[in-house]
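The values are calculated or read from the model by the stated rules, or taken from the named source; none is laboratory data. Only a predicted model underlies this, so the values are computations on that prediction, with no experimental measurement involved. With ideal geometry, Cβ positions are generated from the backbone for all residues, glycine too; neighbour counts draw on all protein chains shown. Side chains included, ligands, DNA and RNA excluded: accessible areas come from the protein's heavy atoms. Shrake-Rupley method; radii C 1.70, N 1.55, O 1.52, S 1.80 Å.
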Amino acid sequence: MSNDKADNFNVSDLTAALKDEDRAGLVNALKNKLQNLAGQHSDVLENLTPKIRRRVEVLREIQGKHDEIESKFREERAALEAKYQKLYQPLYTKRYEIVNGATDVEGAPEDAKMDQGDEKTAEEKGVPSFWLTALKNNDVISEEITERDEGALIYLKDIKWCKIEEPKGFKLEFFFDQNPYFKNTLLTKAYHMIDEDEPLLEKAIGTEIDWYPGKCLTQKILKKKPKKGAKNAKPITKTEDCESFFNFFNPPQVPDDDEDIDEDRAEELQNLMEQDYDIGSTIREKIIPHAVSWFTGEAIEGEEFEIDNDDEDDIDEDEDEDEEDDEDDEEEDDDEDEEEEVSKTKKKPSVLHKKGGRPQLNDGQQGERPPECKQQ
């Protein structure tokens, strides 16, 4: 596509569509753009011979039947996910009760004797710092958690997610016990999707956190001493935004005005939205369904095993390269011998077949599609 055609589908047009809350209007705007783009390539069919054009039309009909079957597949898959989601619910409820000490499990007799013999040991209910530990053990999430955040995240009681229908998407729910940082007991993060199958993200909406005075973790207060001789002897205070996991609840937003966004800003916004969605989908697809595996570190070992396999490929490739270098050295020595002794029969160089390109690892971000409602 030429640059002129690409300019016709600019960010300002998409922004104008995104700010319209009417989903039908948004879909129509996208359809119009696609139709315009399709019209630009209509000359491809016009340049075909009648026979070939007819064949292409038959291929289109086949594609249409395929799309109908695919649509039925998606419907049945959604129903199947909803069915099994009901089976998950008792398990997530039991997990919540054990983690938060609402119920206990029977221990081994030896454990009971040890508890009775150690009177100084304070009784701890549930599994302390369960969700904090699980989140920190995931590479994607741990990068967002600062040391300051840990004091608040130890009060995290549960994480759930559910599918939302209008608009399409999903919502994460973070349940907190009463804590000295903020008044909220529930923080949510909703992802509104234009197309879930792509997925194509429209926007993300988070909860506004009601921080207690002086406890905001997304900002830091800087104090600067006044210069000597200044009339105002009081320290100068300045508030600045800082890194924090809780910035997750204040996601990047697409501007609502009609002004064009420059290319650099558009690229930056795109990267921020992709990173934000990556965090949300990781919590939904990895942390919530396999929380105990992340808590114990077993999930980390599983991911490291995949990486180690790839490293072994690197080692094998290096060994092959070393063998090939040795073989080349031998060939050079053979060539020198051939020059000195022409009468001897020439040796044929052996050919070492290098391994092909390194296999790509699956990053795991495209997981199973969300079921109808998931309450963990």
Would you mind checking the pairs LYS125/LYS163; LYS160/LYS220; LYS215/LYS238; LYS136/LYS238; LYS83/LYS203 and listing those with alpha carbons more than 24 angstrom apart? LYS125/LYS163; LYS160/LYS220; LYS136/LYS238; LYS83/LYS203
Quick one: which residues, 5 or more positions from PHE182 or on another chain, have an amide H under 5 Å from its amide H? H modelled 1.01 Å from N in the peptide plane, none for Pro or chain starts. TYR212
So with the 1.4 Å probe, I'd like the accessible area per residue for the range 147-289, rounded to whole Å². 59 Å²
Could you sort the peptides 48-56, 181-189, 149-157 by per-residue average Cβ neighbour count (10 Å cutoff), highest mean leading? 149-157, 181-189, 48-56
Between ILE205 and ILE62, what length comes free when the chain is fully extended (0.36 nm per residue of separation minus the Cα-Cα distance, one decimal in nm)? 47.4 nm
Which length gain, in nm to one decimal place, applies between GLU143 and GLU75 when the Cα-Cα distance is subtracted from 0.36 nm times their residue separation? 20.8 nm
Highest to lowest packing among 63-70, 131-138, 292-299, scored as the average C-beta count within 10 Å: 131-138, 292-299, 63-70
Taking H as built 1.01 Å from N, whose amide H comes closer than 5 Å to the amide H of CYS242, not counting residues under 5 places away? GLN219, LYS220
